[in-house]
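The values are calculated or read from the model by the stated rules, or taken from the named source; none is laboratory data. Values in this document were obtained by computation on a predicted structure and should not be read as measured data. Cβ: placed from backbone, ideal geometry, glycine included. Neighbour counts: every protein chain shown.
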Amino acid sequence: MAVAVDELKDLPERIVSKFIQIFRIRSKGEELSRKNFKSVAGTRLFEARVKDKSGIYRGVCGRLGTDLVVVLFFKKKTQKIPRDVLRTAQKRLATYKQSQ
């Protein structure tokens, strides 16, 4: 997802490094604590979680077969993920699935 890559590039380097570490661990099939990676209630999406002194960040992804496809990165501003962010992530995942 080109848009997600652009969103990732806009984040601070230390945040990008933490996200890369989380997704490397997941790609090896290893489990992470819910603090770092969990499913999003009521959806088929997952969120990678990174907390830093500059804020709380999320990477939203979905499954494509056995692969995880990261479709959105954002800085969290509220306790719950806003519905418009979830809708955007679901649309991007659907678009990606259709292109495969």
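Taking the options Arg26, Arg63, Arg44, Arg58, name whichever one is at pLDDT 95 or above and either touching a Pro at 6+ places or on another chain (Cβ under 7 Å) or not hydrophobic (A, V, I, L, M, F, W, C) (or both).
Details: Arg26 fails: at pLDDT 95 or above; Arg63 fails: at pLDDT 95 or above; Arg44 fails: at pLDDT 95 or above.
Exactly one residue qualifies, and that residue is Arg58.
For the range 1-24, which residues satisfy the criterion of being over 15 Å from Lys75 (Cβ atoms) and more than 12 Å from the chain's Cα centre (by Cα)?
Ala2, Val3, Ser17, Gln21, Arg24
Give the range 8-36 a look and list any residue that's without any contact (Cβ under 8 Å) to a residue 12 or more places away in the chain and either among the aliphatic types (A, V, I, L, M) or part of a helix (DSSP H, G or I) (or both), or say none.
Of everything in the range 8-36, those that are without any contact (Cβ under 8 Å) to a residue 12 or more places away in the chain and either among the aliphatic types (A, V, I, L, M) or part of a helix (DSSP H, G or I) (or both) turn out to be Lys9, Glu13, Val16, Ser17, Ile20, Gln21, Arg24, Ile25, Leu32.
What number of residues within the range 29-41 are more than 12 Å from the chain's Cα centre (by Cα) and either polar (S, T, N, Q) or modelled with pLDDT of 95 or more (or both)?
1
How many residues are touching a residue at least 24 places away in the same chain (Cβ under 8 Å) and surrounded by 12 or more Cβ atoms within 10 Å (Cβ to Cβ) when one looks only at the range 80-100?
Residues flagged as touching a residue at least 24 places away in the same chain (Cβ under 8 Å) and surrounded by 12 or more Cβ atoms within 10 Å (Cβ to Cβ) within the range 80-100 amount to 9.
For the subset of the range 24-44 comprising residues that are out of contact with any strand residue (DSSP E or B) (no Cβ under 6 Å at 6 or more places or on another chain) and among the aliphatic types (A, V, I, L, M), which member is farthest from Arg83 (Cα to Cα)?
Ile25
Can you pull out the residues in the range 1-19 that are of a type in the set (Val, Ile, Thr) and modelled with pLDDT of 95 or more?
Ile15, Val16
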